[in-house]
Amino acid sequence: MKLQSFFIMKFSSSRLKYENYRIKIKLSEARENNEIIRVGNSPLISELNKIRKVTSENLHEVSAAEIDIKKLRKKRNSEVNKSKIEKLNYLIDKYLFIDDIIYVHFDNIKHYNSLMKKKLFINNKEYVRLISSAGNARQQNVIFIKKELYEKIDNFIENGRDENYKIGKSKYNAYAGLVSSAGHRVEFPKIVVIKDYKTTRKTKVDFVTTEKEEEPFVEERFVELEFVPFDGMGICSINYMNKIAYELDLDFVPSWFVFRSAWLKGMVCSFDFKEFSKIKKISKIKDIYGDEHSIEDIDMILTESQFKLSGAYRNFHHYVSEIKTRDYGFWITRTSPKKEKRIATTNYQYLQCLDMDEEDVLKICEPTIQYFKDVSGLSWEKTILFLIGSLSKEDINLRWWNSLDPLVRLLLTNPEFMSDGFVRNKLKKMISKKIKESYIGTLRIFGNYQVMISDVLAFTEHALGLEVKGLLKEKEVFSNFWNKENSKKISALRSPMTYRSEINVLNVKNNKETQKWFGHLTGIVY
């Protein structure tokens, strides 16, 4: 799998230094029969490729070259093969290396301020600041672009918005940075954006009072707090989710996905809102601009919190027309997994928030201790599972095989190598590392990481203008995974954890109504 590449540079007060590594964006994947299944990059890279006249045929050439290089490397080392590999790498770099943009890393804000007052030239080409997404900012990186391309790319990012619309600098910086999010482009859905649902309720909190020159005083109080239950969340039709599975060439239908477009981001899960609206005898839905839409024609319902610059467009039709003019597209960055894992690992944050005595500590450590005993016994099967992590029959194919560590492939092919001194020594080091990690709270527990979202039936009630009741009450959840385990209570922990209030014991609800509306979804907790 080749990766889209471009320079990253480090900036210091004295000079710019080239670093011999590259920022990487997934570009392509190949089937077992060498056929391309999809091309994934980002709106920014996609637009730059159009300017550079890099076509999908060129990217297919790249993938074919990657496959040829792998084959040549398996052959005998010779000058002829070396020459062929060199030519193929030249072809790959010709289409994939992008010198139009540069990531500059700043160790000090003073260095950034200094550079912004001056001009940046590389190979006699002037570069100017383009964007720094939220992820870039956390890593102290800023994307610069060739000055000659700035106006064209800036127009692409702005997407025809009303530039008089007021927005804070930090928010603008984060939202504009969505253009660099890596993903896979899919068909643009028919979207309706609705107002956010806000509600207030009395909530027990730790209230901190600070007097001058005194220690803070903390007391429990009930206060009125405003909540936005569906913040960043949307729903799509069952049919559209099937389309997503087809366009991404998945062998399963996902339950949810994370998406990006111009000034648009968030998560969407599938829900049969069309069937629900028929039951309620509602055929129209109103968007934030006051326009009515036929529910039968809609693919997706999003909230105002997901459309970051909704006030910068006359209506959603205006927004979509600007998207189509620039061919910006709709991008999927992540989908639900095909199957939930059954084992998760803790961290020190989870453990330090628990009220445990010595017996509890022994109990929570027991599965991890037993696991190390099994693996240290050098059982061939247990050792392979240790090296792989987890294994499902449906995951086994040629791509899976090629992704394995050479040591794993060796042991799967020749289990007798388990007694080899080199192999035993390497395994011992790997196991010792895991044991040391357990000392700081990396313990194995029965559980998994799943996306948690609000009651989607309640979301649909709000979207249709009905009284919001939903199917789940406070401290209730629905989860297909935990229903299959016949669990009545689960402990839900947020990661990263900032306070002990982010551990909650929740009641698992499972009845005919929850099964009817939520039963088709996996990898998700309502």
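The table below gives the values:
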| quantity | calculated |
| --- | --- |
| Counted residues, the stretch 498-525 - those being among the small types (Gly, Ala, Ser) and over 26 Å from residue 254 (Cβ atoms) | 1 |
| Unmet criterion (only one of (1) open to solvent by 60 Å² or more (accessible area, probe 1.4 Å); (2) of a type in the set (Gly, Ala, Ser); (3) over 30 Å from residue 355 (Cα atoms); (4) touching a strand residue (DSSP E or B) at 6+ places or on another chain (Cβ under 9 Å)) for residue 419 | (4) |
| Looking only at the stretch 324-338, and only at residues there that are surrounded by 15 or more Cβ atoms within 10 Å (Cβ to Cβ) and more than 16 Å from the chain's Cα centre (by Cα), the one that is nearest to residue 522 (Cα to Cα) | 329 |
| Failed item, numbered, when residue 348 is tested on (1) hydroxyl-bearing (Ser, Thr, Tyr); (2) within 19 Å of residue 447 (Cβ to Cβ); (3) at pLDDT below 85 | (3) |
| When residues of the stretch 189-206 are limited to those that are open to solvent by 70 Å² or more (accessible area, probe 1.4 Å) and not basic (Lys, Arg), the one nearest to residue 303 (Cα to Cα) | 200 |
| Pick from the stretch 339-348, criterion farther than 24 Å from residue 269 by Cβ and in contact with a helix residue (DSSP H, G or I) (Cβ under 9 Å, 6 or more places away or on another chain), ranking: least open to solvent (accessible area, probe 1.4 Å) | 346 |
| Complete set of residues in the stretch 305-323 that are of a type outside the set (S, T, N, Q), open to solvent by 10 Å² or more (accessible area, probe 1.4 Å), under 14 Å from residue 165 (Cβ atoms) and not in a loop (DSSP other than H, G, I, E, B) | 311, 318, 322 |
| Among the residues listed as 177, 135, the single one being at pLDDT below 90 and within 30 Å of residue 110 (Cβ to Cβ) | 135 |
| Filter pass, residue 460 being among the polar types (S, T, N, Q) and closer than 25 Å to residue 369 by Cα | no |
| Qualifying residue in the stretch 211-224 (condition: surrounded by 14 or more Cβ atoms within 10 Å (Cβ to Cβ), touching a residue at least 24 places away in the same chain (Cβ under 8 Å) and assigned to a strand (DSSP E or B)) | no |
| Hits in the stretch 169-192 - residues which are more than 19 Å from the chain's Cα centre (by Cα), touching a residue at least 12 places away in the same chain (Cβ under 8 Å) and assigned to a helix (DSSP H, G or I) | 171, 173 |
| Unique match (being over 17 Å from residue 524 (Cβ atoms), in contact with a Leu (Cβ under 8 Å, 6 or more places away or on another chain) and of a type in the set (S, T, N, Q)) among 210, 203 | 203 |
| Qualifying positions in the stretch 498-526 - more than 17 Å from residue 238 (Cβ to Cβ) and part of a loop (DSSP other than H, G, I, E, B) | 498, 499, 509, 510, 511 |
| Criterion (loosely packed, with under 14 Cβ neighbours inside 10 Å, within 24 Å of the chain's Cα centre (by Cα) and part of a strand (DSSP E or B)) met by exactly one of 491, 495 | 491 |
| Those residues of the stretch 228-260 which are assigned to a helix (DSSP H, G or I) and open to solvent by 50 Å² or more (accessible area, probe 1.4 Å), in sequence order | 238, 239, 242, 243, 246, 247 |
| Output for the stretch 425-466, where each listed residue is of a type in the set (A, V, I, L, M) and within 29 Å of the chain's Cα centre (by Cα) | 430, 440, 443, 445, 451, 452, 453, 456, 457, 458, 463 |
| Near pairs, Cβ below 7 angstrom, 6+ apart or cross-chain, from the stretch 235-255 (among the hydroxyl-bearing types (Ser, Thr, Tyr)) to any residue that is open to solvent by 10 Å² or more (accessible area, probe 1.4 Å) and outside any helix (DSSP H, G or I) | 237/299; 240/299; 255/522 |
| Residues of the stretch 436-469 classified as outside any loop (DSSP other than H, G, I, E, B), open to solvent by less than 50 Å² (accessible area, probe 1.4 Å) and in contact with a strand residue (DSSP E or B) (Cβ under 8 Å, 6 or more places away or on another chain), total | 6 |
| Selection count where residues are open to solvent by 60 Å² or more (accessible area, probe 1.4 Å) and either assigned to a loop (DSSP other than H, G, I, E, B) or touching a Lys or Arg at 6+ places or on another chain (Cβ under 6 Å) (or both), scope the stretch 124-168 | 9 |
| Residue within the stretch 342-357 that is of a type in the set (Gly, Ala, Ser), in a helix (DSSP H, G or I) and within 30 Å of residue 430 (Cα to Cα) present | no |
| Any pair with Cβ under 8 angstrom, 6 or more apart, that starts in the stretch 489-500 at a residue that is touching a residue at least 24 places away in the same chain (Cβ under 8 Å) and ends at one that is outside any loop (DSSP other than H, G, I, E, B) and open to solvent by 100 Å² or more (accessible area, probe 1.4 Å) | 492/452 |
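The values are calculated or read from the model by the stated rules, or taken from the named source; none is laboratory data. For clarity, every value in this text was computed on a predicted model and none was experimentally measured. Because the Cβ atoms are built from the backbone with ideal geometry, glycine has one as well, and the counts that use them run over all protein chains shown. Surface accessibility is based on the protein's heavy atoms, side chains included, excluding ligands, DNA and RNA. Shrake-Rupley method; radii C 1.70, N 1.55, O 1.52, S 1.80 Å.
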